[in-house]
Amino acid sequence: MSHETFDDQVAAYALDVLETSERAAFEAHLAGCARCERTLRESREALAAVALDGPPAVPPPDVKAALMRRLAEETAPPRRRSDTRRLWLRGAVVAAAAMVVGGFLTGMFVAARYEAELGRVARETSRLREDLARQEAALQARVTAYQAVVDLLRDPSTRVIALKGAGPSPTAEGRVVWHETAGGQVLITKLPPAPAGKAYEMWTIAGGKPTAAGVFQVDASGQAIHRVPPGAGPVDVFAVTLEPESGVPAPTGPIVLASAK
Ligand SMILES: [Zn+2]
């Protein structure tokens, strides 16, 4: 038996559609043939890749079922002696079809697998680039805010007001670096990240009336720095409440931080 026969049988073997006698002969040969072993491994890897994430348009089980059906017809006992040659020819055709289909599918599977891998790498790269851009923007915003705090502190009329944790976050702490006409910056630590759909909202309270001073989130370590616009009048109290993400015009949620009156 020339090796060409085994070359033809590898794909059919990987698809598990070899006849019992053929399979035994192929397996006996496979035990000592590195070339067939390699080809078989590649075919199986390709099939496994498709089973995991292959194109649903080419389902291997259907192909296998079709080949099994044809092989069953081919191996059925001949009714007449004169059928023998025709059956032999049909067997050859089926073997060739198995080889062609197997090779075609293997090619498609390998292509699909590499395309999926390329797509995955491209998505990963783009995600890393976005993460980096986001981190850079956050860092830049923080540097700008710290610079604003330093600038405020150069002005002798700037005050630093302590905020104490309250309600659901008693351990939270804050400082408002505050200039009555320029506004200021609030620096917060130890405040747990807001639940999904929620944000923290800053309030400047003047003459008993709260004015919204922007919503913000804390980072994973519970820190935030947030710009506070000047109040409607001289500010008596600074407070932070937990509110819906988009912010509200008047406080509705619990106070999480507040200055002493
Ligand atoms: Zn071989």
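Laboratory data are not the source of any read-out in this text; all were calculated from the coordinates shown. These numbers were taken from a predicted model, which means no experiment stands behind them. Positions of Cβ are backbone-derived with ideal geometry, glycine not excepted, and every protein chain shown enters the neighbour counts.
Quick notes on this structure:
- Protection proxy ranking of 107-117, 202-212 - average other beta-carbon atoms within 10 Å, highest first: 202-212, 107-117
- Other residues whose C-beta falls under 14 angstrom from the C-beta of VAL10 contribute a net charge of -4, scoring Lys and Arg +1 and Asp and Glu -1.
- In terms of the mean number of neighbouring beta-carbon atoms within 10 Å, the peptides 126-134, 156-164 order highest first as 156-164, 126-134.
- Overall, the anisotropy analysis places segment 112-185 in the oblate class: the square-rooted eigenvalues a ≥ b ≥ c of its C-alpha gyration tensor yield a/c not less than 1.5, with a/b not exceeding b/c.
- Net charge of neighbours whose Cβ lies under 14 Å from the Cβ of PHE216, counting Lys and Arg as +1 and Asp and Glu as -1: -1
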